[in-house]
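Participant: Quick one: structure below, then a few questions.
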Amino acid sequence: MWLVYKKELLEILRDKKTLIFSILLPTIIFPVLFFGIGKFTQSKTEEAETKELKVAFVNASAFEGLSTLFTAEKHFKKVTIESDDYKAEILEDNVDFIIEIPEGTSLPSNSRKQEVINLYYKGSSKLDNISSKRVKDIIEAYNNTERLALGARFNLSTDNIKAFNKPIAVENQNFASERERMGEFAGPLIAYILIALAVSGAMYPALELGVGEKERGTLETLLLTPMTKGKIVMAKFGVIFTASFFTVIVTLLSYFIWTYIFTMGGKMGGLDFLSNISGLDLLLVAVLLVPLTSIFASIMLSASIYAKNMKEAQAYMSPIFMLGFMPVIVAFVPGMELDVKTAMIPITNVALAMKDLVKGTVDYTMIMVLLGSTVVIAGALLYFTTQFFKKEKVLFRS
Amino acid sequence: MIEIKGLAKSFAYDKKEAKKKKNKVATDPREGDGVFHAVRDVSFSCDKGKVLGLLGPNGAGKTTTLRMLSTALEPTQGEILINGHDVTKEPRYAQKLIGFLSGKTGLYHRLTVRENVEYFGRMHGLSKQVMDERIDKIFSMLDMHTFAGKRADDLSTGMMQRASIARAVIHDPKVLVFDEPTTGLDVISAKTVLDFIESYKETEMSVIFSTHHLHEVERLCDDVCLIDLGETKFFGSTQEFAAQTASGNLYDAFLNNVNKKEEVA
């Protein structure tokens, strides 16, 4: 069996396609794209935050002090517009924002009703939203000043104004740790990535070792050697499992390395909470991947062996991929928790457990329950695969 | 010595196929109720040092017969004996004795020629010393030393076929099974295969050689077994086979023996 395992592994490692899809893509190309896009987005956001915005006022004298607030801020330039066609002025890039205070509008602190001003701009992208937020923030600051002035006219203290503004203020005293809060979001994401990697890592070797051998005509030759079919299929399973598990581990390590490189060895931003995850929890995440990877390896190998040709095998892989992810998506449904019942649902249980491990709220008893159930399912599927491989109508299906 | 007696093999139709066949009148006598009797009654034998030509039209049951002989398929009925050992009861014994080569059997493309041959040698339990000796002998015999380090996907068809032969005989088999080994080969590559089979006539090997090319049978085979519609239609010496017709040639003898309906169809 070891002989077949070593040979299959050697062939996989010499296969450029498998190397590209299983190692190069997840370890170099995807992280570089991921972090590259992140860096690009960050630089574009910073650019939008510091971009000089041209602001024009119409009837500015009605709101004393508003235009001063803008000129006092960095990266704002007050401009004058020539025409009344605001749309043309904006579309021709003569101005970015036009603040129109309609004729007859009173200064808010002198008025007893809500005054309405018009803000003209062209906003269609996220970067435009950043610009408009900068403008609205200054208007909101002016609003606050006017609110205080209005309150003063009615002899209201700052506290009275606060009460009018918001009768009840909630001060959050959240006892959830940062790890729990971040884990609630990051946990499912990490589970999703790990499971996706496990599935994609198993797919190409499964195709190669099953239907690939059929198509090349080497399977028949292999079956005529004194090696038992059981040992042959176990060796093939072992290679698929190794490739899948290796892909997950190598990809994870590569992401840590790339994070370090892209942050110049500094803090990992939102990923700081990961440092709170204990070695035992990380080990358990890896342990959970073992039966999970086995499940996918068995299913994909069976499908690949059953297929008549590569085209048919690839057609089987898509639904397997989708069916593999349905239980993961179920795990992301709000309110889904790891308990005795959910610990019995394959894949969902692993996704839930990974989420809890990342959050630090895991019930270790449930981990044992799910490990037990997943190992039984993985074992049953592996047994099925070995029996399937012994069937003549599967091996010589035409 | 190989002895095949009353061999039969049936395959159950899958649901789709069974449904398709249900409302149709069977045109092939091998079509049964839910099953296809690919091989119904095949018998022949091949002595040591002899080459047996296995003939028959496409779909006659030759490949199925050879797959049963080489243990890939299990017979539904009948007996296959190699040196008196029942292949179905002792498949490991048979696998050690048989070398199999067909036009379809391939090599591992990302392994070198030597790695391919070594892999199968190890599968048959050869020690390193024995393997090195065998590889040296076979590679010299087939003139393969020049491309032994090349990957299989860099080989020409002829080189590939020589490598396949080396792979099939690395464990020094006593029975060689060739299933249409020259199909799709050019004249030079086919000659390599035929020369190799001829060289084995001098040894104590039993060679079963399935082919559509009757000139190959004329050149190599001592005996002939003609299968049609899953049954042995003729088994005897090549001379006896040719002598069945007035012309005395194998083509007429072949056409004389195969099912006429099949031919018309």
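The values are calculated or read from the model by the stated rules, or taken from the named source; none is laboratory data. For clarity, every value in this text was computed on a predicted model and none was experimentally measured. Heads up, the Cβs are rebuilt from the backbone with ideal geometry, glycines too, and the neighbour counts pull from every protein chain shown. To get the accessible areas, we keep the full protein, side chains included, count just its heavy atoms, and leave off ligands, DNA and RNA. Shrake-Rupley method; radii C 1.70, N 1.55, O 1.52, S 1.80 Å.
Participant: Quick check for me: using +1 on Lys/Arg Cβ and -1 on Asp/Glu Cβ, what's the dipole size of the stretch A:248-398 about its Cα centre, in debye to the nearest 20?
Facilitator: 680 debye
Participant: Let me ask something additional. To the nearest 0.05, what FRET efficiency results for residue B:23 and residue B:3 with a Förster distance of 41 Å applied to their C-beta separation?
Facilitator: Efficiency, from the Cβ-Cβ distance: 0.50.
Participant: Can you list the aspartates and glutamates whose alpha carbon is less than 14 Å from that of residue B:96, not counting same-chain residues fewer than 8 positions off?
Facilitator: Straight-distance partners of residue B:96: B:86, B:172.
Participant: Taking only Cα atoms of the stretch A:52-165, what ratio of Rg to Rh do you get with Rh as the Kirkwood inverse-distance radius?
Facilitator: So for the stretch A:52-165, dividing Rg by the Kirkwood Rh gives 1.01.
Participant: Sticking with this one: Take the cross-link list A:214/B:21; A:393/B:19; A:77/A:122; A:17/A:359; A:16/A:236; A:16/A:359 and give me the ones stretching past 29 Å between alpha-carbons.
Facilitator: A:17/A:359; A:16/A:359
Participant: Could you name the aspartates and glutamates whose alpha carbon sits less than 15 Å from that of residue A:7, not counting residues in the same chain fewer than 8 places away?
Facilitator: Within the straight-line cut-off, residue A:7 pairs with A:15, A:208, A:213, B:115, B:118.
Participant: Give, rounded to the nearest 20 debye, the magnitude of the charge dipole that chain A has about its Cα centre when Lys and Arg contribute +1 at Cβ and Asp and Glu contribute -1 at Cβ.
Facilitator: 1780 debye
Participant: Could you pull out the GluC sites (Glu not before Pro) across the stretch B:168-256 that fall in loop regions by DSSP (anything but H, G, I, E, B) with no more than 10 other Cβ atoms inside 10 Å?
Facilitator: Counting only loop positions with at most 10 other Cβ atoms within 10 Å, the GluC sites (Glu not before Pro) in the stretch B:168-256 are B:204.
Participant: Counting other C-beta atoms within 10 Å, and keeping those with at most 16, which DSSP coil trypsin sites (Lys or Arg not before Pro) do you find in the stretch A:184-268?
Facilitator: Hits after loop and neighbour filter: A:267.
Participant: Have a look at B:175, B:187, B:39 and tell me which one the Gaussian network model of chain B (Cα, springs below 10 Å) gives the largest fluctuation.
Facilitator: Comparing B:175, B:187, B:39 in a Gaussian network model of chain B, the most mobile one is B:187.
Participant: Right, something else. Given a 1.4 Å probe and no ligands, DNA or RNA in the count, how much accessible surface is buried by B and A, both sides, to the nearest 100 Å²?
Facilitator: Buried area between the two chains comes out at roughly 2600 Å².
Participant: Counting other Cβ atoms within 10 Å of each Cβ, which trypsin sites (Lys or Arg not before Pro) in the stretch A:96-132 have at most 12 and sit in a DSSP loop?
Facilitator: Of the trypsin sites (Lys or Arg not before Pro), the ones in loops of the stretch A:96-132 whose Cβ has at most 12 other Cβ atoms within 10 Å are A:112, A:113.
Participant: Among B:5/B:174; B:16/B:89; A:54/A:166; A:136/A:162, which pairs are too far apart, with a Cα-Cα distance over 29 Å?
Facilitator: Among B:5/B:174; B:16/B:89; A:54/A:166; A:136/A:162, the Cα-Cα distance tops 29 Å for B:16/B:89; A:54/A:166.
Participant: Shifting gears a bit: Looking at the stretch A:365-393, which residues lose a minimum of 30 Å² of accessible area between their chain alone and all protein chains in place, measuring with a 1.4 Å probe and not counting ligands or nucleic acids?
Facilitator: A:392
Participant: By how many nm would the segment from residue A:290 to residue A:1 lengthen if fully extended, with 0.36 nm per residue of separation less the alpha-carbon distance?
Facilitator: The residue A:290-residue A:1 span can extend by a further 102.0 nm.
Participant: Sticking with this one: Can you compute log10 of I(q)/I(0) for the stretch B:2-264 with the Debye formula, treating each Cα as one identical point scatterer, at q = 0.15, 0.17 Å⁻¹?
Facilitator: -1.12, -1.32
Participant: Further, regarding this structure: Taking Cα atoms, how many degrees apart are the long axis of helix A:126-153 and the longest axis of chain A, rounded to 10 and kept between 0 and 90?
Facilitator: For A:126-153 against chain A, the angle is about 40 degrees.
Participant: In addition: Kindly report the accessible area of the stretch B:2-264 per residue (heavy atoms of protein chains, probe 1.4 Å, no ligands, DNA or RNA), in Å².
Facilitator: 46 Å²
Participant: Would you mind working out the accessible area per residue for the stretch A:52-165, using a 1.4 Å probe, and quoting it in Å²?
Facilitator: Here the per-residue accessible area is 64 Å².
Participant: What residue among A:376, A:170, A:32 shows peak mean-square fluctuation when chain A is described by a Gaussian network model with Cα springs under 10 Å?
Facilitator: Residue with maximal mean-square fluctuation among A:376, A:170, A:32: A:170.
Participant: What is the percent of Cα-Cα separations in the protein assembly as shown that go past 35 Å?
Facilitator: 61 percent
Participant: Now, a different point. Just B:119, B:13, B:93 to compare: in a GNM of chain B, with alpha carbon springs under 10 Å, which one fluctuates most?
Facilitator: B:13
Participant: If one computes the Cα centroid of the stretch A:30-86 and of the stretch A:211-240, what distance in Å separates the two points?
Facilitator: About 65 Å separates the Cα centre of the stretch A:30-86 from the one of the stretch A:211-240.
Participant: While we're looking at this one, here's another question. Please report the carbon-and-sulfur percent of the accessible area for the protein assembly as shown; probe 1.4 Å, protein heavy atoms only, DNA, RNA and ligands left out.
Facilitator: Roughly 58 percent, rounded to a whole number.
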